[in-house]
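The values are calculated or read from the model by the stated rules, or taken from the named source; none is laboratory data. The shown structure was predicted, so the numbers you read here are calculated from the model rather than taken from an experiment. Virtual Cβ from ideal backbone geometry, glycine too; neighbours counted across all protein chains shown.
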Amino acid sequence: MTRLSAAVRGLVTALAALLATTAASAPARAKPEPRAPEDFVALSSVDPTILQEMRYFTPHNFVGEPVDGYRQPLCILTRPAAQALHTAQRKLLRRGYSLKVYDCYRPQRAVDHFVRWAEDPDDQAMKAEFYPNVDKSRLFADGYIAERSGHSRGSTVDLTLVKLPARPTPPYRPGQPLTPCFAPEDERFPDNSVDMGTGYDCFDTLSHTLDPRVQGEQRANRLLLKGTLEDLGFVNLAEEWWHYTFKPEPHPDTYFDFPVSRRSLTGHR
C-alpha cells in the first residue's frame, strides 16, 4: 500500500466516523402534525353568529385543566354538520335564541387525556361540580368516559341555547368554590345559556335528555333544542341533553387526531 492510498483510506475512515457521530447527536426530525381532511371546516366560516365557549381549551371542565390537543378555542366540524347547524341557527334566531357550542371535533389525544385522568383516583379536583354523586372508579363502567369518542369523527357537537341578547358569562377562576352541576340555576356556575336543568358535562342521570324529573321550562328548553336539531338530521345521545351527532356521518369509522387549531385547516376552502 502506498503512502498516498493509506492517507486517503485514513481520511475516509475519519470522515465516516465524523458523519456517524453527527448523525447520532442530531435531534430527531419532528414528525409533522396530522391535518384535517378537506371536508372539515371552522364553524365560524359557515356561521359566525353561533356562539362558542370551547370548554376544553380552558381549565373549566371535569379534568380541571386545558385538555391535550386544544390549541385554540375553535369549533371544527365536518362541513355537512356545520351547514346543518347554520340552518338550525337561522330558525332559532327568528325565535330569539342562538346556539352555543361547548365542544365539536375532539382529537384522539384529548380522549386519551380523559382516560389518563379517569385512571388517576387521586385527581378529584373538579368532583364537587361535575360528578358529585359518582364514584370516580365508576366512570368507565357507567359510560361517562370511554377510550373512543364520536367527537373524534368530526360530526358530533356539544351545544346549548342562549336567549338573545346574550349576556357575558363570568370567567372561571381556578380554585374558586365549586357547586354541583345539578344545583338550581342561580347556585351553579353561571352560564349565559337557558336553564337546561343541569350544567354542561354534568355526570349525573339528571343529564338524561328526557329524565322525567326535569319538567317545566327546563324540559321545554331541552325539547326546543332537540326538536330543532333532529329535524335537520342530528341524533341525540339520550344520556346527555347537550350531545348531538349529524347523520349520515362522512367519517363513521375514523377517529382523527389532528389538533384543534386553524393550522390544521390550512389550505381548506
Quiz item: Only one of these conditions is not met by GLY175: (1) among the small types (Gly, Ala, Ser); (2) more than 29 Å from ARG90 (Cβ to Cβ); (3) modelled with pLDDT of 95 or more. Which number is it?
Solution: (3)
Exercise. From the list TYR255, TYR200, TYR244, pick out the single residue that is surrounded by fewer than 19 Cβ atoms within 10 Å (Cβ to Cβ), modelled with pLDDT of 95 or more, under 16 Å from the mean Cα position of the chain (by Cα) and within 25 Å of PRO73 (Cβ to Cβ).
Key: TYR255
Quiz item: Which of (1) within 30 Å of GLY64 (Cα to Cα); (2) of a type in the set (A, V, I, L, M); (3) in contact with a strand residue (DSSP E or B) (Cβ under 7 Å, 6 or more places away or on another chain) does LEU224 not meet, given it meets every other one?
Solution: (1)
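Within the bounds of the range 209-219, is there any residue that is within 22 Å of the chain's Cα centre (by Cα) and surrounded by 18 or more Cβ atoms within 10 Å (Cβ to Cβ)?
Among the residues of the range 209-219, at least one is within 22 Å of the chain's Cα centre (by Cα) and surrounded by 18 or more Cβ atoms within 10 Å (Cβ to Cβ), which makes the answer yes.
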Practice problem: Name, by its number, the condition in (1) part of a helix (DSSP H, G or I); (2) touching a Lys or Arg at 6+ places or on another chain (Cβ under 7 Å) that does not hold for TRP241. | Solution: (1)
Quiz item: If a residue has to be part of a loop (DSSP other than H, G, I, E, B) and under 19 Å from SER193 (Cα atoms) to count, how many in the range 210-238 make the cut?
Solution: 3
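Looking at the range 127-151 only, could you name the residues that are surrounded by fewer than 21 Cβ atoms within 10 Å (Cβ to Cβ) and under 19 Å from the mean Cα position of the chain (by Cα)? Spell out the reasoning first.
To start, the set of residues in the range 127-151 that are surrounded by fewer than 21 Cβ atoms within 10 Å (Cβ to Cβ) comprises 127-128, 132-143, 145-150.
Correct list: LEU139, PHE140, GLY143, ILE145, ALA146, GLU147, ARG148, SER149, GLY150.
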Practice problem: Give THR205, THR160 a once-over and let me know the one that is crowded, with 17+ Cβ neighbours inside 10 Å and among the hydroxyl-bearing types (Ser, Thr, Tyr). | Solution: THR160
